[in-house]
Structure formats: C-alpha cells, structure tokens
Amino acid sequence: MNATVIAVLLSLVSAAAYAAAAVAQARLAGRTDPSAGALRLLGRGAWWSAVGLNAGGALLHVAALKYGPLTLVQPLGALTLVAAVPLGARAAGRRVSRTEWRGTLLTLVGLAALLLAAGGTAPHDTLSLPEVLGVGAVTMVLVATLGRPGTRPGLRHAAASGITSGVASALTQTLTVAATDQSGPLLSWRLVIVAVLVSFFALGGLMLSQTAYRGGLGAPLAVVTLANPVAAAAIGLILLGERVQGGLLGLIPALIGAAAAVQGVILLSRAQARSAAGAVPAAAGAAATLPAGAVESSSRVVINGPSLTAPRATAPRHAESRTPLPEPVGTSGSP
C-alpha cells in the first residue's frame, strides 16, 4: 500500500479519537467548577477517558507521521472538528443543523484541495538540536503571551493549545524518523531532549484545551483545529525543507482549499457556539417560568380588580391600610 494512503488512513482514525476526546473534555468542563484545580481532575473517570482517547489519537498520529509529511498529516487534523459535530450533537441530545452540515462539507472540500497540494513522499529530514531548542523557546514565549490575563481566555487558551499540539507533532516526527533510522545512534541527547519537549507540549496542550472548553466546544475546538496544522506546517516548510506540490501553481489549489476549510470551520464554530448559547437561556427560562408567571398573574389580578381572585389579593392590603386609621381618629375624638 502507498505510504501516503497509509498516512491518510491513520490520520482519519486519529482524528476520530481526538474528536471523541474533545467531546468528553467539553462535557467534563461543563460539569466542573472553573475554580477547581488540575489535581481534582485526576479523580474523575471522565478525565482519564479523555486522556486515553487523546493518547490513542496521538499514537495513531505518530504512526501517520512516519509515512507522511507534516504538510499532509496535519491538515487532516481538521477532521477532528468534523467528527466532533455529530458526536457533540448526539451527546447534547439534538440533531445536526444545516449550518453544521454546510460547514462539514466546506471543510472536507478544503481538505481535499489541501491534500492535492501537500501530498508528498515520506519524510526523511529531522530537526537538529539547535533547531529543536529554538522551536521550544519560541513556543514557550507564544504560550506565555497567549496565557496572559485578559478577556476571552477560552480562545487564547485554544490557540495556545493548538500551537503546542502542532509543535509536539513536528517534534514527534523528528523523534520517530530519528529513532527508526539505522544510521544514527538509538539514544542521544537530541532524542532525549526532543522526547521531553514532546511530553511537555503534549500535556500542556491537553491542559490548555481543557481550560478552553469551559466556554463551550465549538469556537475553541475550531481555533485548536486551525492553529495546530498552521504551527506544524510552518516548521515543516521553514526548517524541514518540505515543499508544496506543483511549486507556485500548487499554491493556487492550496489557497482555495485553505479558504474553504477556514470558512467551513467558521460555520461549524458559529453553529456550535449558537447551540451552546441557546441552551443557557432555555435552561434559565425554564427555571424562571414559575416565579415569572406568579408575578405576572399577581399583577394582572391587582390591575383587573373585578375578578373572583381580586378580593383575595387586595383584601389584606385594604384591611391593613384601613385598620390603623380609625384608631387615631377614635382616640383623638374621645373625651
């Protein structure tokens, strides 16, 4: 079987595992107090289920990187959002909307165009130790900048999660290719440092995404999905010498595909954000139905006056207002 086909198949299964993990994390975030620390998550079975799904997706992703370049494997990660749409709708007990299906179709068309431009041979180049250290330092600066206090922390944490995950994928490719290459030593300082950075960035991306999903699944997952391949592809094109198929002409379908995929992701994120936002007012309205109805009915009773229930509502007030008045009059008029 062709190496590119193997990479695509492994990436598809990896995206499905990541989608299931994202839905599990979003549901867990919705049931967890925002002030709860990370240690509290360790005692939740749902957290370990999400960790297991993420680990399975990561292993399949590593296997895909062995057969395909970063510019091919990473765009397929956008299918995580596509798979999360029906999974998230099923978990929420609703149907997938037309906007979500349109976004899914646009994302698939955009990914197909990107695959035509990014398809290539299996990777052979790896990052050197200075390049690894430089990538790690730049990534930490970006994550620290995006994690600063401010407004809309969910989207900024999602961007930081996508960047760390994409960098972890790029470093994983270096680790995989170097470890399976018979020409070099199996254990070296470079591989040890790369393995430590991969573990650090993978865990950091998982925790950042868990924080991002507190505001809902749609928009944060869309940002993660976009930032991940952008970060990995930038490393592949700048440092690993990967090229777009067809040269400058190959950029045309790649740009068209990227525009379609971005539009599809935007539609999906808007639809999912709208569904999440609509659930909150619906729940609040259901909770406030009885008090609001009681207030409304009581106001109608007082205003309408001539009804069977009017004396019951107004009699106590009239009695209270008239009872104290005769006392002062009677006392002042007595001899």
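Summary table
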read-out	value
Protein accessible area in region 201-249, 1.4 Å probe - carbon and sulfur %	72
Pair R243, I266: separation of 7 Å Cα→Cβ label points (nm)	3.3
Gain in span if fully extended, L108 to A195, counting 0.36 nm per residue against the direct Cα distance	28.0 nm
Karplus 3J(HN,Hα) series, Hz, for region 250-256 with 6.51 cos²θ - 1.76 cosθ + 1.60 (x for Gly, Pro)	x, 5, 5, x, 5, 5, 5
Cα convex hull volume per residue for region 62-111 (Å³)	68
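The values are calculated or read from the model by the stated rules, or taken from the named source; none is laboratory data. Computed from a prediction, not measured in an experiment: that's the story for all the values here. Quick reminder, even Gly has a Cβ in these numbers, built from the backbone with ideal geometry, and neighbours come from all protein chains shown. Keep in mind that these areas ignore ligands, DNA and RNA; they rest on the heavy atoms of the full protein, side chains included. Shrake-Rupley method; radii C 1.70, N 1.55, O 1.52, S 1.80 Å.
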